[in-house]
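The values are calculated or read from the model by the stated rules, or taken from the named source; none is laboratory data. Worth saying up front: this structure is predicted, and the values here are computed from it rather than measured. Glycine gets a Cβ as well: all are built from the backbone with ideal geometry, and neighbour counts include every protein chain shown. Surface areas here come from the heavy atoms of the whole protein model, side chains and all, with no ligands, DNA or RNA. Shrake-Rupley method; radii C 1.70, N 1.55, O 1.52, S 1.80 Å.
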Amino acid sequence: MIPHYVLIIHGIGEEKAGFSEPLLEKITAVFQSTVGRFSPQPPQGAIDIKEVVWSGVTQADQRKLWGRLFPNLGNWISRVRYWALLRKYVVDYIGDMIAYVETPGVNKYRDIHQKFFQVMDQFAQDAGRHGALAQKPALLTVVAHSLGSVIAADAIYNRIESGTWPAQLQLANLITLGSPLALYTLRFGDPDNSVRPITMQDPDGLWINIYDPQDIVGHPLKLVNQQYNQAVYTDKAINAGQGWKFWQWLEQAYPGSHMLYWEDETVAEIIGRKAALDWLRENQPELGPRLIKQYDDYNEWVKR
């Protein structure tokens, strides 16, 4: 049995290990439930989920700069006067973006990518131990939030284009959450001049871009240009973190939705169900036509 590998990468801010735990648990539950409809007892270890925590690459420099710019925020009056909480968020947000973008000067572009590759290479080694290369490559789903979607897209594209993508893995799905990737195409000027987006290596693979219309950071991707329209299967609009929106008016105007994808049942369903179908296809080929129908139902559902 070869596991289905899921790599989760965070966006801006000072994230720590365990940042995706609420979503991870939901994905696992959906995966086991979906597989369980075809197998009486879903095997342990059929799904392997790991996080990429890259915030440490940028946070040390940002904390140092923050301490120099605002050394006297020890009392609440100063914190209110300088809007310390919002200002710190801006420093983290813009600081991460500036630190990441590849430039001729000093930047964190390659160091952040290395964090991504470390986890991906761990999956490749584990897949090799399961005999993936002798049979066929193991399947990898990448789940990327916010700036993490830009990092993931760049890292995957560079690995594939350079011919250094690990032979033990095959990119099956890319799930982007609250992605600002549309804005990053402006690195190339006119959106029509944007670099070619990545495509899935698996024939049943999907790029699903999930965004909440209230999320001011996340944007649709299929509308960017013809290349993205072909590469992205669907822009899935959701109401992220429904349980956090206690008043009706917040259903229509809640910019904090950007941080609620980790709690969302629909996000977990999209990821866990697709990973389960892919695992069943690889490990129980005798299901044949039954899985074709399941894939068709899933594809139709996720496009609604």
> What relative contact order, as a whole-number percentage, does the chain give when Cα pairs under 8 Å and 6 or more residues apart are counted?
Replying inline: 21
> What is the calculated FRET efficiency for R290 to W83, with r their C-beta to C-beta distance and R₀ = 51 Å, to the nearest 0.05?
Replying inline: 0.35
>> Please list K236, K26 from largest to smallest accessible area, probe radius 1.4 Å, with all protein chains kept in place.
In response: K26, K236
> Quick one: Karplus J couplings for the stretch 218-226, per residue in order, coefficients 6.51, -1.76, 1.60, θ = phi - 60°, nearest Hz, x for Gly and Pro?
Replying inline: x, 9, x, 10, 4, 7, 4, 6, 5
> Residue-wise, which Karplus ³J(HN,Hα) couplings in Hz belong to the stretch 193-201, taking 6.51 cos²θ - 1.76 cosθ + 1.60, θ = phi - 60°, and x for glycine or proline?
Replying inline: 8, 4, 4, 4, x, 6, 10, 6, 7
>> Probe of 1.4 angstrom, ligands and nucleic acids ignored: what's the accessible area per residue over the chain, in square angstrom?
In response: 48
>> Taking amide H atoms as placed 1.01 Å from N in the peptide plane, list the residues 5 or more away in sequence, or in a different chain, whose amide H sits under 5 Å from that of A138.
In response: L169, Q170
> Using the Cβ atoms and a cut-off under 13 Å, what net charge is assigned to the surroundings of N229, where Lys and Arg are +1 and Asp and Glu are -1?
Replying inline: 0
>> As a test of the formula, what do you get for the chain when each DSSP H run with n ≥ 4 contributes -39,500 (n - 2.57) and the sum is divided by the residue count, at 222 nm and rounded to the nearest 500 deg cm²/dmol?
In response: -14500 deg cm²/dmol
> Among all the lysines, which ones have a C-alpha under 19 Å from K50's C-alpha, if same-chain residues fewer than 8 places away are not counted?
Replying inline: K16, K26, K115, K274
>> Amide H of D212 versus every other amide H placed in the peptide plane: which residues, excluding those fewer than 5 positions away on the same chain, fall under 5 Å?
In response: G178, I238
>> Heavy atoms only, 1.4 Å probe, whole protein assembly: order Y295, Y100, Y93 by accessible area, highest first.
In response: Y93, Y295, Y100
> Residue by residue through the stretch 55-72, which ³J(HN,Hα) values in whole Hz follow from phi under the Karplus form 6.51 cos²θ - 1.76 cosθ + 1.60 (θ = phi - 60°), with glycine and proline marked x?
Replying inline: 4, x, 5, 10, 5, 4, 5, 5, 5, 5, 5, 4, x, 7, 6, 9, x, 10
> Considering amide H positions built from the backbone, and no H for Pro or chain starts, which residues 5 or more places from L174, or on another chain, come under 5 Å of its amide H?
Replying inline: V142, L206, W207, I208
> Can you give the three extents of the C-alpha atoms in the chain along their principal axes, from longest to shortest, in whole Å?
Replying inline: 67, 48, 39
